[in-house]
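Enquirer: There's a structure below that I have some questions on.
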Amino acid sequence: MSDKVLQVNDLRIRFRNGKETSQPIRGVNFHVKKGETLGIVGESGCGKSVTSLSVMGLLPIKTSEIVSGEILFNNRDISRLKEKEYRKLRGNEISMIFQEPMTSLNPVFTIGEQLSEPLRQHKKMSKSEIRNNIIAVLKQVGLPRAEQIIDEYPHQLSGGMRQRVMISLALLCHPKLMIADEPTTALDVTIQAQILELLKEIKVKNEMSLMLITHDLSVVAEMCDRVVVMYAGEVVEEAEVNELFDRPLHPYTQGLMKSLPSNNERKSKLFSIDGQVPKPSEIGEGCVFANRCPFAFEKCFAETPPAFNRGKHISKCWLQDPAVKEVMQNEERSIVNS
Amino acid sequence: MKNEVLLTVKNLKKYYEISQGMFKEKIVVRAVDDVNFTVMRGETFALVGESGCGKSTTGRTILRLVEPTAGEVIFKGTNLASLPYEQMRSLRKQMQMVFQDPYASLNPKKTILQILMEPLKVHNKFDKKERLRKIIAMLKIVGLSEYHLDRYPHEFSGGQRQRIGIARAVILQPDFIIADEPVSALDVSVQSQVINLMLELQKEFGLTYLFISHDLSVIQHMTDRVAVMYLGKIVEVADTEDLFRNPKHPYTQALLSAVPVAHPKEEKKRIILKGDVPSPANPPSGCAFHPRCPFALEICKTKMPEPTTFEKGHTANCHLYIKNEEEIEYVTSYS
């Protein structure tokens, strides 16, 4: 089991909002293997960002609480670490790239000042060593004139360059796991292609694992080895990337793929999933997707489906239950016979 | 129907001046620089480009939400650019806009009823009693219902808000709608619902869309003709299918190749452009694309290319096609 860099077991997170509580993450399981790229896909509000923040230990302390479950990083549970211990990990062994390169850099510090922070925290280096290190990393992420950029401020750089600076910030201490939360969503397609190419390259070069959080299925198709599909705070499907795109098992994943414009005939009516994602406060018994699912039957509304395994392809849907399948087939047969 | 010109944009320019202090020369940002295109009645015309290329400014300048610096916008035979304010205002009932951000484009202090009533009041359309009926009918068309009338925008999800934004534009029964990135703030499953709605409305009311977007897959799906913009200029215009099958301009080729694949097994030859889009305040000389262009020639640095016309109204502004045949083959074999 040592090839798993990160393992999340039955994670549940609760938020308090005044007197109300809501539970945006309900029983999330997944793992990241050494050297692989795991994609986490889902629509806004499905809990993918909260999950990644919990791995980084960045959840707001006052209003959130990990109710149960564990987060194993190199076989060590980090979900209940103290802040001081977490600091040794954060930016050093696990690092994160955020969505908005415009807002995640501090506008009043130069690039060099911001990039030297993790090195000062985690490594014992002299000032000149730090500077040389930063320049080397800036060059590694493909920034031209790194020697000058190190003394410039974020507003002097374009969006794509800022995202490159963010990536170099995450790379500085040679982390074992990098979490990229929608790293290309704010960027244009041509710049997105550059950044994705860069991420692939540095992942191999630095022998690290990448956890890529995105809502864009085509980014997943491009980048990932394995994919976790999240819906309303649960993992509904997990599979290898080719397997997922060839044979999506969960109706939600099927719906997502069918609703991509590129998978529909031009000018035709696009396939769409009716309704919308339930709010965390609205979720009750049964399968979370049941109210939007075209195949839902009584059992879906009554009981929450467990995870059904089919090889390495895991999906949480009653349709995958062998017992249900048999019943369905019998019904079909009887329809055909009658 | 198809061949009637609804809108012609001629040499449209929008320059912004940035003052550098009293005696210094002003910096001129050429947000929209000499843009020409025509939109036929009943079609969906797309403007594509990366952020900062001037596609939104073009849309706003057509409606005169920002005043053009120069050029003509001819809508049904009248030049909008020179109309007095009052006449322009009344003409807007024939041309409406759907905005990008459904969170920012609805007034949070007004109910849905007030939001939808406002255009009817302003343009004095329908009988007072009939207005409410129209509003309810419109809400049903966009997939909302009567009991949403007294709610405020914050009570709706992003997709529902965008439906309200569309309802507000369509309720005046305009001929022409400018949709500025109407689906880019939405999730995939909601995005497809809104695209379907827009296609349905187009059929039902015979609308003409100017569809501004950076999302090529949406454009491929729902538009008839596309204009590709780069740094304030249109570099290529073509029928959508033609453009996606056979892009001529090197920028369009790179843009299309940068779209991520739809399936992991799909292999794609990628043209990765170097560098970023230059600042429109200080555009490169000659062809604006030449510093990033993999095929740049000597002439590209000095001379602005003229449009070259190919079959079926496909035009591209690129020197490669003005030169001899050999190079054309060279370029197209790469695409």
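Enquirer: Within the stretch A:158-191, track down each residue that is among the acidic types (D, E) and away from every other protein chain (no Cβ under 14 Å). First the steps, then the outcome.
Expert: Just the residues of the stretch A:158-191 that are among the acidic types (D, E), to begin with: A:181-182, A:188.
Of everything in the stretch A:158-191, just one residue is among the acidic types (D, E) and away from every other protein chain (no Cβ under 14 Å), namely A:D181.
Enquirer: Working carefully through the options A:E43, A:E20, find the one that is in contact with a helix residue (DSSP H, G or I) (Cβ under 9 Å, 6 or more places away or on another chain) and surrounded by fewer than 15 Cβ atoms within 10 Å (Cβ to Cβ).
Expert: Numbers: A:E43 fails: surrounded by fewer than 15 Cβ atoms within 10 Å (Cβ to Cβ).
None of the other options fit; the residue is A:E20.
Enquirer: Going by the structure shown, is A:P306 more than 30 Å from B:I195 (Cβ to Cβ), surrounded by fewer than 17 Cβ atoms within 10 Å (Cβ to Cβ) and at pLDDT 85 or above?
Expert: yes
Enquirer: Please return the ranges of strands (runs of 3 or more DSSP E) entirely within the stretch A:1-85 where 3 or more residues are more than 22 Å from A:L210 (Cβ to Cβ) and either more than 14 Å from chain B (Cβ to nearest Cβ) or touching a Pro at 6+ places or on another chain (Cβ under 6 Å) (or both). It would help to see each step written out before you state the result.
Expert: On the way: elements: A:4-17, A:20-33, A:37-41, A:64-73.
Result: A:4-17, A:20-33, A:64-73.
Enquirer: Restricting attention to the stretch B:75-101, which residues are under 21 Å from the mean Cα position of the chain (by Cα) and among the aromatic types (F, W, Y)?
Expert: If the condition is that a residue be under 21 Å from the mean Cα position of the chain (by Cα) and among the aromatic types (F, W, Y), then B:F75, B:F99 are the ones that fit.
Enquirer: A further question on this structure: Go through the stretch B:161-195 and give me each residue that's within 13 Å of chain A (Cβ to nearest Cβ) and within 16 Å of the chain's Cα centre (by Cα).
Expert: Residues of the stretch B:161-195 within 13 Å of chain A (Cβ to nearest Cβ): B:161-163, B:181, B:183-195.
Residues satisfying the conditions are B:E181, B:V183, B:S184, B:A185, B:I195.
Enquirer: While we're looking at this one, here's another question. Given the options B:E50, B:E72, name the one that is surrounded by 15 or more Cβ atoms within 10 Å (Cβ to Cβ), part of a strand (DSSP E or B) and in contact with a helix residue (DSSP H, G or I) (Cβ under 8 Å, 6 or more places away or on another chain).
Expert: Values: B:E50 fails: part of a strand (DSSP E or B).
After applying the criteria, what remains is B:E72.
Enquirer: Give the residues of the stretch B:102-132 that are modelled with pLDDT under 90, assigned to a loop (DSSP other than H, G, I, E, B), on the phi < 0 side of the Ramachandran plot and over 28 Å from the mean Cα position of the chain (by Cα), sorted by residue number.
Expert: B:D127
Enquirer: Just the residues that are among the small types (G, A, S), away from every other protein chain (no Cβ under 14 Å) and not in a helix (DSSP H, G or I), please, taken from the stretch A:109-148. Before you say what the answer is, go through the steps one by one.
Expert: Initially, the stretch A:109-148 is screened for residues among the small types (G, A, S), giving A:112, A:116, A:126, A:128, A:136, A:142, A:146.
Still in the running and away from every other protein chain (no Cβ under 14 Å): A:112, A:116, A:126, A:128, A:136, A:146.
Selection gives A:S126 alone.
Enquirer: So for the stretch A:64-86 (the condition being crowded, with 18+ Cβ neighbours inside 10 Å, out of contact with any strand residue (DSSP E or B) (no Cβ under 6 Å at 6 or more places or on another chain) and more than 30 Å from A:T21 (Cβ to Cβ)), does at least one residue qualify?
Expert: Among the residues of the stretch A:64-86, not one is crowded, with 18+ Cβ neighbours inside 10 Å, out of contact with any strand residue (DSSP E or B) (no Cβ under 6 Å at 6 or more places or on another chain) and more than 30 Å from A:T21 (Cβ to Cβ), which makes the answer no.
Enquirer: Checking A:D10 against (1) within 12 Å of the chain's Cα centre (by Cα); (2) of a type in the set (D, E, K, R); (3) at positive phi, which single condition isn't satisfied?
Expert: The number of the failed condition is (1).
The values are calculated or read from the model by the stated rules, or taken from the named source; none is laboratory data. What you see is a predicted model; the values in this text were computed from it and never measured. All Cβ positions, glycine included, derive from the backbone under ideal geometry; neighbour counts span all protein chains shown.
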